[in-house]
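Notes to accompany the following structure.
Nothing in this text is a laboratory measurement; each read-out follows from the coordinates by a stated rule. Note that this is a predicted model, so its numbers are computed, not measured. Every residue, glycine among them, receives a Cβ derived from its backbone with ideal geometry; neighbour counts consider all protein chains shown.
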Amino acid sequence: MKFNHKLNILFIAIIGISLSCNKTSNSPTPITPVVPQKQVNIIVLMGDGMGIPQITASWHEHDFLNLQRFPYSGLTLTHTVDKIVTESGAGATALFTGVKTKYGYQGMGPQGQNLESLYDYVKSEKYSTGIVTTSFLADATLAALYRHGNDRYQFEDIALDFYHNFADFTIAGGQDHFDNRSDQINLIDSLKSKGVNVFYGNQAIANAQHLPAIGFMDPLRPPYLTEGRSDFLKTGSLKALELFNDKSFFLLVEGALVDLAGHDESIENQVSETLEFDEVAGLMLDYAKQNDNTLVVVVSDHESGALTILQGDGMNYIPNYAIDEHSGGMVPVFAYGPGAENFTGLMDNSDVYYKIKQIIDQNLSK
Ligand SMILES: [Zn+2]
């Protein structure tokens with residue numbers, strides 16, 4: 001039965017091809033305009049520490065999430081080669097290099113080998129690159145893009161690595177790692193001497209006119225939204241799209257403090273940070289709907305807090321944190337755009353890299 005069904009499909013497909021071939025051969029030779037293949041833009045949204053419980057709690061607070069507008073979704077495993085429960089450096093290394101590595105490594109394989117990240121790869125293909133994060137720039141998730149290291153707490157070294165491999169557009173905290181360093185080197189002056197437009201604070205984002213550009217939003221880690229953080233995750237992400245201006249790009253948008261709120265066991269902050277991240281995911285999705293050569297992938301490195309949603313009074317829930325650390329459960333992935341259909345089912349975090357790279361490679365301009 002199954003075999004016959006396959007045969008029928010094959011038969012129809014052959015008829016189809018043969019008909020279309022006949023049509024072509026019988027018509028006059030068409031003048032085919034040379035249309036360059038359009039490269040695929042990549043927007044990765046990383047909800048750091050955003051597992052299914054954080055998304056569930058946020059949905060109940062808001063009754064709607066932009067994440068539900070994504071047509072494809074799946075689950076990713078998160079373990080490292082040496083631990084069941086990961087951290088951001090190893091998680092992001094798997095997602096962005098395709099190699100599962102040791103706990104605490106960034107852009108480095110388990111044998112200590114340097115790994116090429118998607119960020120490095122698209123740079124070599126002349127893409128523009130962007131990083132917008134609510135964390136500090138030398139934090140581990142971002143370091144997995146531009147660095148090869150095994151100590152995520154060497155922030156000044158990591159800032160130096162960023163200087164040597166900077167993005168075209170960056171919005172982040174962590175200015176102190178660049179111009180308030182123990183070695184007295186002023187990396188902001190160094191970046192300026194390379195022609196980078198450096199600015200400070202959310203208000204200045206609107207005035208950014210050209211690339212490369214870096215906007216520092218805080219001397220170290222920006223505060224929670226509930227502590228008064230401005231909406232630079234949103235304004236920075238939209239500005240990135242504006243300045244990339246139709247050139248192929250890779251943009252990482254990180255909602256970093258969902259994780260911190262898990263360490264703090266704060267449901268209020270986990271929900272508000274997740275909802276802001278979701279809002280930006282919706283804006284990036286809107287962009288992709290207008291620009292059909294754009295793949296948007298929403299990922300997470302791990303869950304934070306081992307949060308469970310317990311029954312409260314009626315439709316109220318009681319958040320229960322089992323630990324002020326990460327947990328080892330699977331986390332969701334959502335996708336829209338060319339190749340989005342590949343992000344379904346159960347996959348390893350390292351598979352995300354290959355699925356993104358495949359769609360980039362299929363559409364590279366020759
Ligand atoms: Zn964490």
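Quote the convex hull volume per residue of the chain, based on C-alpha atoms, as a whole number of Å³.
Cα convex hull per residue, to the nearest whole number: 182 Å³.
Excluding residue 153 itself, what net charge comes from residues whose Cβ is under 12 Å from its Cβ, given Lys and Arg +1 and Asp and Glu -1?
Combined, the nearby Lys, Arg, Asp and Glu give -4.
Semi-axes of the equivalent ellipsoid for segment 136-287, please: Cα gyration tensor eigenvalues, times 5, square-rooted, ordered largest first, whole Å.
With the √(5λ) rule applied to segment 136-287, the semi-axes are 23, 20, 14 Å.
Go ahead and estimate [θ] at 222 nm for the chain from helices alone: -39,500 (n - 2.57) per DSSP H run with n ≥ 4, summed, over the residue count, rounded to 500.
The helix contribution divided over the chain gives -12000 deg cm²/dmol.
Take every DSSP beta bridge whose two residues both sit in the chain, then give the antiparallel share in percent to the nearest 5.
For the chain, the DSSP antiparallel bridge percentage is about 35.
When the chain is modelled as a GNM with alpha-carbon springs shorter than 10 Å, which of 178, 250, 199 fluctuates the most?
Evaluated over the chain, the most mobile residue of the options is 199.
Mind checking segment 160-261 for trypsin sites (Lys or Arg not before Pro) that DSSP puts in a loop (not H, G, I, E or B) and that have at most 16 other Cβ atoms within 10 Å?
When the trypsin sites (Lys or Arg not before Pro) of segment 160-261 are filtered for loop state and at most 16 Cβ neighbours within 10 Å, 181, 194, 247 remain.
In nm, what is the difference between 0.36 nm times the number of residues separating residue 286 and residue 207 and their Cα-Cα distance?
In short, 26.1 nm is gained.
What is the angle, in °, between the Cα long axis of helix 2-26 and the longest principal axis of the Cα atoms in the chain? Nearest 10 is fine, range 0 to 90.
Value to nearest ten degrees: 70.
Any of 38/123; 102/357; 123/247 with alpha carbons more than 19 Å apart? Name them for me.
In this structure, 102/357 lie more than 19 Å apart at Cα.
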